[in-house]
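The values are calculated or read from the model by the stated rules, or taken from the named source; none is laboratory data. Bear in mind the structure is a predicted one, so any value in this text is a computation, not a measurement. A quick note on method: Cβ atoms are made from the backbone with ideal geometry, for glycine too, and the neighbour counts reach across all protein chains shown. Ligands, DNA and RNA are excluded from the accessible area calculation, which covers all protein heavy atoms including side chains. Shrake-Rupley method; radii C 1.70, N 1.55, O 1.52, S 1.80 Å.
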Amino acid sequence: MKAKIPDEKRASEFLANERTFLAWIRTSIAVISLGFVVAKFGVWLHELATRLAPQTPIPSTGLSLPIGVAMMAMGGALAVLAAWHYHLVNLAIERGEVRANRGLIVAVTAGVALLALAMIIYLLVASEQL
């Protein structure tokens, strides 16, 4: 559904769009950072176990690196989507129209939910191996 924006409200719409863009960027940075931590967590645990018990063989699930890399890639994709969405909304504001982009919201939600599911499965599998 399209709604016309009065000329006197356009400045506030542009600023609101910019705040939304910056929130997306902060979120993408957080996802990238968390992905880095997840990717390095397996390496850190392996190093710790090796130092505490050098003779003990250490089982490894090896999934923290791919999950962490997937999270970092998703964070990068979020930044690109944020820029794309910001541009589209700015164009709509310039035309005097605003509309919601539900498809983007559904896609981002599905991506986050799939990564969360992968992390849950990884933790369950890793805890059974201990």
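Filter region 58-104 down to residues that are in contact with a strand residue (DSSP E or B) (Cβ under 8 Å, 6 or more places away or on another chain) and assigned to a helix (DSSP H, G or I) and give me whichever is farthest from Ile32 (Cα to Cα). Show your work before the answer.
First, pick out the residues of region 58-104 that are in contact with a strand residue (DSSP E or B) (Cβ under 8 Å, 6 or more places away or on another chain): 89, 92, 96-99.
Checking which are assigned to a helix (DSSP H, G or I) leaves us with 89, 92.
On the way: Val89: 25, Ala92: 30 Å.
The residue in question is Ala92.
Please go through (1) farther than 20 Å from Leu114 by Cβ; (2) exposed (fewer than 14 other Cβ atoms within 10 Å of the Cβ) for Ala49 and return the number of the only condition it doesn't satisfy.
(2)
Since Thr56 meets every condition but one in (1) open to solvent by less than 40 Å² (accessible area, probe 1.4 Å); (2) more than 30 Å from Thr20 (Cβ to Cβ); (3) of a type in the set (Val, Ile, Thr), which condition does it not meet?
Result: Thr56 passes all but (1).
Test Glu13 against the criterion of being in a helix (DSSP H, G or I) and in contact with a strand residue (DSSP E or B) (Cβ under 8 Å, 6 or more places away or on another chain), and give yes or no.
On the way: in a helix (DSSP H, G or I): yes; in contact with a strand residue (DSSP E or B) (Cβ under 8 Å, 6 or more places away or on another chain): yes.
Considered against the rule, which asks whether it is in a helix (DSSP H, G or I) and in contact with a strand residue (DSSP E or B) (Cβ under 8 Å, 6 or more places away or on another chain), Glu13 comes out as yes.
With the condition kept exactly as written, say whether any residue in region 37-45 is part of a helix (DSSP H, G or I) and closer than 30 Å to Arg19 by Cβ. Step through it out loud before you land on a result.
Kept after step one, since they are part of a helix (DSSP H, G or I), are these residues of region 37-45: 37-45.
Imposing the further condition that a residue be closer than 30 Å to Arg19 by Cβ reduces the set to 37-38.
For region 37-45, residues part of a helix (DSSP H, G or I) and closer than 30 Å to Arg19 by Cβ: present.
Can you name the number of the only condition in (1) surrounded by 14 or more Cβ atoms within 10 Å (Cβ to Cβ); (2) closer than 30 Å to Tyr86 by Cα; (3) among the small types (Gly, Ala, Ser) that Ala30 fails?
Result: Ala30 fails condition (1) only.
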